[in-house]
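First the structure, in the form of structure tokens, and then the observations on it.
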Amino acid sequence: MCGRPATGWPERVAPLGPGGTVARHRAVRRLLAGTRTAARPWPGGGWQFTDRAGRLRYCPGLEALWAAVGSAAGPVVVPDPRDEDGVHTLPGPDTGTADPHALVVWTAAALHAGPAAPWLVVRAAGWRMAAGRVDGAPGRAPRVTVGRCAGAGLTVEAPGGARSLAEQLAAHLAELSVRPPSGTF
């Protein structure tokens, strides 16, 4: 492995403990609603993706899953090209809490939104998740860092469409019926 961690960035950001697989599956199911595709956790890791024609495909992680979804149905999280905001913040109570599994699912999906979002930073509930294409080159693995951040609410940074991405994330978290706990998650 040459010094590389054996787990991918989603597991480093939100380790799969008890209930983690269920939480991720719930978030994936919500984002896939209306695409006529489906995904479910694969025993032993990864995802089983079913496209519109009913063909099955094994995806080893969230990045591969959203790439498969994008090729079958188009991106599910899309920034508004008319939105030129690089950074947008929504206040805390309206955004729900930053469920780490929902944020991992959503961030992976947003990274496959196309050229409008080659990198993405999401700050919420005291955590910072940054994901971006290394050197901006296609085909490179996303780079994600996790660290403590001050403040509440939801801040999204993207090269374009930050306001629309922040609003989509807030709506996604609200639809998952996630309510803020006291403090951070």
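None of the figures in this text is laboratory data; all of them are computed from the coordinates on show. Worth saying up front: this structure is predicted, and the values here are computed from it rather than measured. Ideal geometry is used to build each Cβ from the backbone, glycine not excepted, and the neighbour counts take in all protein chains shown.
Brief remarks on what is shown
- Karplus-derived HN-Hα couplings along the range 81-87 (A = 6.51, B = -1.76, C = 1.60, θ = phi - 60°), whole Hz, x at Gly and Pro: x, 7, 8, 9, 5, x, 9
- Put simply, the range 32-116 fits an ellipsoid with semi-axes of 26, 17, 11 Å; these come from the alpha carbon gyration tensor as the roots of five times its eigenvalues, largest first.
- Mean Cβ neighbour count within 10 Å, used as a protection proxy, ranking 9-15, 54-60, 101-107 highest first: 101-107, 9-15, 54-60
- Cβ-based net charge around Trp47, under 11 Å, with every Lys or Arg adding one and every Asp or Glu removing one: +2
- For Gly61, residues with placed amide H under 5 Å, excluding near neighbours: Trp47
- Amide H contacts of Ala130 (H built 1.01 Å from N, in plane; Pro and chain starts excluded): Val122, Thr145 sit under 5 Å, all sequence-distant by 5 or more or on other chains.
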